[in-house]
């Protein structure tokens, strides 16, 4: 095996890996999980203190 053959095999392995990751990421099975994860940052807003909560009136 010469270096050209090794490079060709390595290119094919990387391409197949890339296609596999893209297929996994954009698969229909993952859509609901990724949408839930994307909205996770907004889940904590309900518990955020209001501006008036820390202020005491005299």
Checklist entry - Residue check, residue 4 against (1) loosely packed, with under 10 Cβ neighbours inside 10 Å; (2) modelled with pLDDT under 95, all met but one. Which one? => result (2)
Next on the checklist: Taking the conditions exactly as written (modelled with pLDDT under 90 and surrounded by 10 or more Cβ atoms within 10 Å (Cβ to Cβ)), does residue 44 satisfy them or not?
Outcome noted: no
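The values are calculated or read from the model by the stated rules, or taken from the named source; none is laboratory data. Every value quoted in this text rests on a predicted model; they were computed, and no experiment measured them. Please note: Cβ atoms are built from the backbone with ideal geometry, for glycine as well, and neighbour counts cover all protein chains shown.
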